[in-house]
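**Q** Submitted below is the structure of interest, expressed as C-alpha cells.
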Amino acid sequence: MKRRNFVQASMALGSMASLASLVGCATTGRIPEKTRVLVVGGGYGGAAAAKYVRMLSNYQIDVVLIEPESAFVSCPMSNLVIGGSKTISDITTPYDNLASKHGVNVVRDYVSNIDANKKIATLASGSSIRYDKMILSPGIELMFNTVEGLKQASDSGQVLQAWKAGQETTNLRKQLVDMPDGGVFAITIPEAPYRCPPGPYERASQVANYLKQNKPKSKVLILDANQDVTSKGPLFKKFWADNYKGILEYIPQHKVTAVDAKSKTLKFEVQNDVKANVLNVIPAMRAGSIAVQTGLANANNRWCGVNYQTFESTQSKDIHIIGDSILAAPAMPKSGHMANSHAKVVAAAIVAQLSDLAINPEPYLMNTCYSFVNDKYVVHVASVHQYDSKDKTYKTVPGSGGLSAAPSELEAIYAWNWAQNIWNDTLG
Amino acid sequence: MNSCNQFSLIAFALLFFGLSTGHAQQNAAALHQRANAAMCSNCHGTEGKTVDGSAVPSINGMPKDYMVLQMKAFKDGTRPATVMHQLTKGLTDAQIESIAIYYANNKR
C-alpha cells in the first residue's frame with residue numbers, strides 16, 4: 001500500500017470510529033436529531049411509556065407528554081378510599097419526576113385533534129405539536145348514553161361512577177358515609193370487557209366491610225350484567241359468604257338500562273326495578289374519546305386494533321396505542337399493571353424503529369392484580385402473556401399464572417408495596 | 001482512481017457495513033433484554049430498585065447464579081411463593097437467564 005493510500009485508510013478508520021461513537025455502544029442505534037415521541041395521556045400506560053422511551057433511548061429521543069390533570073390519581077387502590085382505609089392523597093402522585101429525573105416535557109393540556117397524515121396533534125389551548133411517533137394511552141370513555149338518564153344524573157353529581165379515580169372517588173365515599181343505617185348501596189357492572197375486571201367486586205367488598213363495622217343494618221347490592229363474577233369469582237364468593245352474609249348480595253344477569261336520580265331507581269332489561277339510597281352506576285366503556293374521534297377504534301367502534309408486537313395502530317401508521325383502549329388479546333385484562341407492561345414493549349419497539357434496529361421478535365407481558373376483600377386481606381390473580389409470532393397475538397403460557405389459594409394478610413402487604421413500586425416505576 | 005484505491009474503498013465499505021450491522025444486532029439484543037427485564041420492575045422497581053421500606057426485594061445487582069436458582073426454585077415449586085411461582089412458570093429457562101444476567105450487571 002502506498003503512503004497516500006495509508007493516509008486515506010487512516011482517515012477512513014477515523015471517520016468509522018467517530019460514526020461508531022455516534023451510534024453509541026449502549027442500547028440504541030443512531031437516532032435522527034430532534035426525533036420526537038408524543039405521548040397522549042399520563043396514566044399507567046402513557047406515563048410509563050414516556051419514562052421508558054427516554055430511558056431505553058439513553059435520553060436521546062425527545063418525549064412530550066400531554067396530560068390534562070395536575071397529578072396522577074391511581075384507580076388501583078381507589079376502592080380503599082371508598083372503604084375508608086386510605087385517603088385520596090395516599091393514592092396521588094405528582095408528575096414532577098418525569099420532568100426533573102427523566103427530561104420528559106410534561107404539558108398540562110388536552111389533545112383535541114390528531115392529524116394522522118401530517119403527524120400533528122392540536123391541543124385544547126390551540127397550539128400544535130408535530131411528532132415522529134405518537135403513543136396514545138387515552139384510557140377509557142364511559143358510555144353514559146347506554147343508560148337512559150345517566151348523563152344528567154352524573155352531571156348533577158347524584159349518580160356517581162368513580163371509575164376514573166379522583167373527585168368522584170371522594171364524593172362516593174361521602175355518599176357512603178352520609179347513607180343512613182338500614183340503607184342500600186347499589187353497584188351496577190357493565191358487560192365485559194371493561195376496565196379492571198375485579199374492581200367492582202373489590203369495591204362491593206370495601207363497602208360491605210365499612211357497613212359491617214359502621215352500619216350493620218345496611219346492604220350492598222351488586223347488580224351485574226354478566227353471567228357470573230368476571231374475575232377471582234370463587235375467592236370473592238367464599239369471602240362474601242364467610243364474612244358479609246346478609247350485608248352483601250350478588251345478583252348476576254342484571255343489565256341496567258335506565259336510572260332515575262330523583263326516585264333513586266334503577267331499571268333493567270328484564271327484571272323489576274331496584275331502589276337504593278346510593279346508586280353507583282358503572283356504565284359500558286370504550287376507548288378514550290380522542291381515539292374514537294380519530295377513527296382508531298376500529299373494533300366495533302369501541303376498541304383500537306393494534307399490531308401486538310409494536311402496539312402500532314392497525315388503522316394509522318406511527319400511532320401506537322396502549323392500555324385499556326386497545327382491543328385486548330385473549331385473556332389480557334384491562335388493568336393498570338397491563339398498561340404499564342404495554343408501555344415497556346411499545347417504548348422498546350419505538351426506540352428500535354427510530355434507531356433502525358430490529359424489533360423484539362418475542363416480547364412478553366406480565367400482570368399481577370391484587371384485590372382487597374376487606375381492609376386487611378387480599379387476593380390476587382397473575383398471568384404471563386408471550387407474543388406468538390405465528391398467530392401475531394399474545395397467549396397466556398399454559399400452566400402459568402393463577403389465583404391466591406386464599407385471602408391473606410401477607411398479600412395485603414405485597415399489594416400496597418406493589419402500588420408503591422408501580423407508581424414509582426410509572427412516574428418516579 | 002487506481003485499482004488499489006478501489007479495492008481499499010470496497011474493503012472499508014464491507015468492513016464498515018459488517019461492523020455496523022454487527023453493532024446494531026448487539027444493540028438490538030441489549031435493548032430487548034433491558035425491555036424484557038423491565039417486566040419485573042412493576043413490582044421490583046425501575047432497574048430492579050424498589051422504593052424505601054418495600055417488602056418486595058430489590059433485585060438489581062443480585063448475583064446471576066443465585067437469581068437463576070431462585071427463579072427456577074419458584075418455577076418447580078421447591079421455593080413457596082404467593083405470586084412468583086405463577087409468573088416464573090410463564091418464562092422459559094432462557095428468559096430467566098437473560099433477566100438474571102441483566103440485573104446481575106446492573107450495579108446497586
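The values are calculated or read from the model by the stated rules, or taken from the named source; none is laboratory data. This is a predicted model, so every value here is computed, not measured. No Cβ is skipped: glycine too gets one built from the backbone with ideal geometry, and neighbour counts run over all protein chains shown. We work out accessible area using only protein heavy atoms, side chains counted, and drop any ligands, DNA or RNA first. Shrake-Rupley method; radii C 1.70, N 1.55, O 1.52, S 1.80 Å.
**Q** Which strands (runs of 3 or more DSSP E) sit wholly inside segment A:330-428 and have at least 1 residues that are in contact with a Leu (Cβ under 7 Å, 6 or more places away or on another chain) and facing chain B (nearest Cβ under 9 Å)?
**A** A:364-372, A:378-388
**Q** Right, next: Kindly indicate whether any position in segment A:309-317 is open to solvent by less than 40 Å² (accessible area, probe 1.4 Å), closer than 25 Å to residue A:122 by Cα and among the hydrophobic types (A, V, I, L, M, F, W, C). Break it down into steps so the answer makes sense when it comes.
**A** Step one: of segment A:309-317, the residues open to solvent by less than 40 Å² (accessible area, probe 1.4 Å) are A:310-313, A:316.
Still in the running and closer than 25 Å to residue A:122 by Cα: A:310-313, A:316.
Imposing the further condition that a residue be among the hydrophobic types (A, V, I, L, M, F, W, C) reduces the set to A:311.
Within segment A:309-317 (the criterion being open to solvent by less than 40 Å² (accessible area, probe 1.4 Å), closer than 25 Å to residue A:122 by Cα and among the hydrophobic types (A, V, I, L, M, F, W, C)), the answer is yes, since at least one residue qualifies.
**Q** Okay, next question. More than 7 Å from chain A (Cβ to nearest Cβ) and within 19 Å of residue A:342 (Cα to Cα): does that describe residue B:47? It would help to see each step written out before you state the result.
**A** Numbers: more than 7 Å from chain A (Cβ to nearest Cβ): yes; within 19 Å of residue A:342 (Cα to Cα): yes.
Answer is yes for this residue.
**Q** Sticking with this one: State which residue is surrounded by the most Cβ atoms within 10 Å (Cβ to Cβ) when the search covers only segment A:65-91 and only residues that are part of a strand (DSSP E or B) and aliphatic (A, V, I, L, M). Quick ask: steps written out before the conclusion?
**A** As a first pass, look at segment A:65-91 and keep what is part of a strand (DSSP E or B): A:65-66, A:71-73.
Adding the requirement that they be aliphatic (A, V, I, L, M) leaves A:65-66, A:71, A:73.
Details: A:65: 27, A:66: 24, A:71: 14, A:73: 21.
The qualifying residue surrounded by the most Cβ atoms within 10 Å (Cβ to Cβ) is A:65.
**Q** Now a separate question. Restricting to strands (runs of 3 or more DSSP E) lying wholly in segment A:117-185: which have 1 or more residues that are open to solvent by 10 Å² or more (accessible area, probe 1.4 Å), closer than 29 Å to residue A:215 by Cβ and in contact with a Gly (Cβ under 8 Å, 6 or more places away or on another chain)?
**A** Counting at least 1 such residues, we get no strands (runs of 3 or more DSSP E) at all.
**Q** Name every residue in segment A:318-337 that is surrounded by fewer than 22 Cβ atoms within 10 Å (Cβ to Cβ) and touching a Gly at 6+ places or on another chain (Cβ under 8 Å), in order of residue number.
**A** Selection gives A:327 alone.
Residues are listed down the side, and each one gets a yes or a no for (1) touching a strand residue (DSSP E or B) at 6+ places or on another chain (Cβ under 8 Å); (2) open to solvent by 30 Å² or more (accessible area, probe 1.4 Å); (3) at pLDDT below 95; (4) over 24 Å from residue A:98 (Cβ atoms):
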residue	(1), (2), (3), (4)
A:371	yes, no, no, yes
A:378	yes, no, no, yes
A:388	yes, yes, no, yes
A:391	no, yes, no, yes
A:394	yes, no, no, yes
A:400	yes, no, no, yes
A:410	no, yes, no, yes
A:413	no, yes, no, yes
A:425	no, no, no, no
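**Q** Taking the condition of being touching a Ser or Thr at 6+ places or on another chain (Cβ under 7 Å) and open to solvent by 10 Å² or more (accessible area, probe 1.4 Å), how many residues in segment A:42-64 meet it?
**A** 5
**Q** Give the residue, chosen from A:238, A:262, that is assigned to a helix (DSSP H, G or I) and either open to solvent by less than 70 Å² (accessible area, probe 1.4 Å) or of a type in the set (D, E, K, R) (or both).
**A** Answer to the selection: A:238.
**Q** Let me ask something else. Surrounded by 15 or more Cβ atoms within 10 Å (Cβ to Cβ), at pLDDT below 95 and not β-branched (Val, Ile, Thr): which single residue out of B:98, B:58, B:8, B:3 fits that description?
**A** B:8
**Q** If you go through segment A:234-252 one residue at a time, do you hit one that is touching a helix residue (DSSP H, G or I) at 6+ places or on another chain (Cβ under 6 Å) and among the small types (Gly, Ala, Ser)? Step through it out loud before you land on a result.
**A** Step one: filter segment A:234-252 for residues touching a helix residue (DSSP H, G or I) at 6+ places or on another chain (Cβ under 6 Å), giving A:236, A:244, A:247-248.
Now narrow it down to the ones that are among the small types (Gly, Ala, Ser): none.
No, segment A:234-252 contains no residue that is touching a helix residue (DSSP H, G or I) at 6+ places or on another chain (Cβ under 6 Å) and among the small types (Gly, Ala, Ser).
**Q** I'd like to know if segment B:63-81 contains one or more residues that are facing another protein chain (nearest Cβ under 9 Å) and among the β-branched types (Val, Ile, Thr).
**A** So far as segment B:63-81 goes, no, none of its residues is facing another protein chain (nearest Cβ under 9 Å) and among the β-branched types (Val, Ile, Thr).
**Q** Also, quick follow-up: Kindly state which helices (runs of 4 or more DSSP H) lie completely within segment B:55-108 and contain at least 3 residues that are among the acidic types (Asp, Glu).
**A** Those helices (runs of 4 or more DSSP H) do not exist here; none qualify.
**Q** Return the only residue of B:50, B:92 being surrounded by fewer than 16 Cβ atoms within 10 Å (Cβ to Cβ) and free of Cβ contacts under 8 Å to residues at least 12 places away in the same chain. It would help to see each step written out before you state the result.
**A** Numbers: B:50 fails: surrounded by fewer than 16 Cβ atoms within 10 Å (Cβ to Cβ).
Among B:50, B:92, only B:92 is surrounded by fewer than 16 Cβ atoms within 10 Å (Cβ to Cβ) and free of Cβ contacts under 8 Å to residues at least 12 places away in the same chain.
**Q** Write out, first by first residue and then by second, each pair whose Cβ atoms fall under 8 Å of each other, whose residues are 6+ apart or on separate chains, and whose first residue, in segment A:350-363, is open to solvent by 10 Å² or more (accessible area, probe 1.4 Å) while the second is assigned to a loop (DSSP other than H, G, I, E, B) and among the small types (Gly, Ala, Ser).
**A** If the second residue must be assigned to a loop (DSSP other than H, G, I, E, B) and among the small types (Gly, Ala, Ser), the pairs left are A:354/A:57; A:356/A:29; A:357/A:29; A:361/A:389; A:362/A:389.
**Q** Also, I was wondering about something else. In segment A:205-213, is there at least one residue being within 21 Å of residue A:165 (Cβ to Cβ), among the hydroxyl-bearing types (Ser, Thr, Tyr) and touching a residue at least 40 places away in the same chain (Cβ under 8 Å)?
**A** yes
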